[in-house]
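First the structure, in the form of structure tokens, and then the observations on it.
Since every read-out is calculated from the coordinates, none of them should be taken as a lab result. Please read all numbers here as calculations on a predicted model, not as lab measurements.
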Amino acid sequence: MSESNDKSGKMILVSDIQGCLDKSRNQYLTKLVCKPQFFTSLEKFMEKNEKNKISFVGNYFDKGSYVISTILNINKLLGIFGDNRVNLILSFREINKIRFMFELDKVLLKQGIPFYPGYD
């Protein structure tokens, strides 16, 4: 590698984790990308070079067993490295779930329920 390539950053793209479902279309899927070791590896990658970046490209969660830990680990990376190095690109799935939460807020507030689990 040349000297200029050593200083330039690299980007890892992560897509379609879906909370690490057990199966999709009758195929067993790996859960590697949702485990803490994967996120530890991403953190080490980011620490190697301050110009390295990670982009999570949609479908981070669905019905898999690692939905919460995936969200927490992505959030941890964002907290450590900031949104200028960790990019989140929302898919239709994420947008709909955010929309659902907003609509749920409106419905509950109209019913006079100002506080409920998850509401700040």
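Computed quantities for the displayed model
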quantity: Over 24 Å (Cα to Cα) - which of LYS31/LYS76; LYS51/LYS97; LYS76/LYS110; LYS7/LYS31 fall in this group; calculated: LYS51/LYS97; LYS76/LYS110; LYS7/LYS31
quantity: Amide proton proximity set for SER15, modelled H, under 5 Å, gap of 5+; calculated: VAL57
